[in-house]
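Presented below is the structure to which this report refers.
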Amino acid sequence: MGVSRRLCYNSAMDTTLLEHQTDEQLIAIAASGDFDAFQHLVDRYQQRVFSAAWRITQNRADAEDVTQQTFLSLIEKISSFRGDSAAAAWIMRIATNHALKVLRKRKGMVTVSWDGSGDDDSYASLPHPDYIAHWKEPPDELALRAEVREQVDAALAQLDDKYRLVFVLRDIEELSVRDTAEELGISEANVKVRLLRARLMLREQMTRVYGDEATRVFPDHNH
């Protein structure tokens, strides 16, 4: 990734010992000037940051750039970490901010189209499922399989930005409703409706793949 070459730290702790440090401890050690501590943070979070950036931007080159910028920002801000939130949340918040900046720049707008103006963010507009069936395997067991995670990412890519972003920030990155609303510049009510809508649409898509056809129910939307 090239980030670590921007540092001029000295290694002060044995690498084996660093592996057993918490994220917060690594940040404190790195802030004191230990190169290896920072590199351990990069190793721990590089894939997670990239995955989050890809889910937001839907572009590999942008996701790679966001990953690089995230850790460059971490270098600059590492001494300012005060432990008010978990280190993981802090790092992923930095990544999310960079990814959303890329998306806004790509759209060429100061405020992007997910700002809630003129859309259908009401519970009355929630989609009705057309494919209803029991899943062939328990969802929690399916979620452990790599191919299922890839299928979820593929389903996410089909969602409109305003639904995908809320789902990624709230359900995957686990931001609070308030923080998600703040990041996207929408109301908390919009977040809740869009999240429910995203969940329903994703469940519909995943049920079409993993649902048991023998148990399918055909809904009557006229009643």
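Descriptive notes on the structure:
- Which listed residue is modelled with pLDDT under 90, of a type in the set (Gly, Ala, Ser) and farther than 26 Å from residue 191 by Cβ, from 133, 143: 133
- Matching residues in the range 84-99 - criterion: being of a type outside the set (A, V, I, L, M) and closer than 14 Å to residue 165 by Cα: 93, 96, 97, 98
The values are calculated or read from the model by the stated rules, or taken from the named source; none is laboratory data. Fair warning: this is a prediction, and the values are worked out from it, not measured in the lab. Neighbour counts are summed over all protein chains in view; Cβ atoms, including those assigned to glycine, are modelled from backbone coordinates with ideal geometry.
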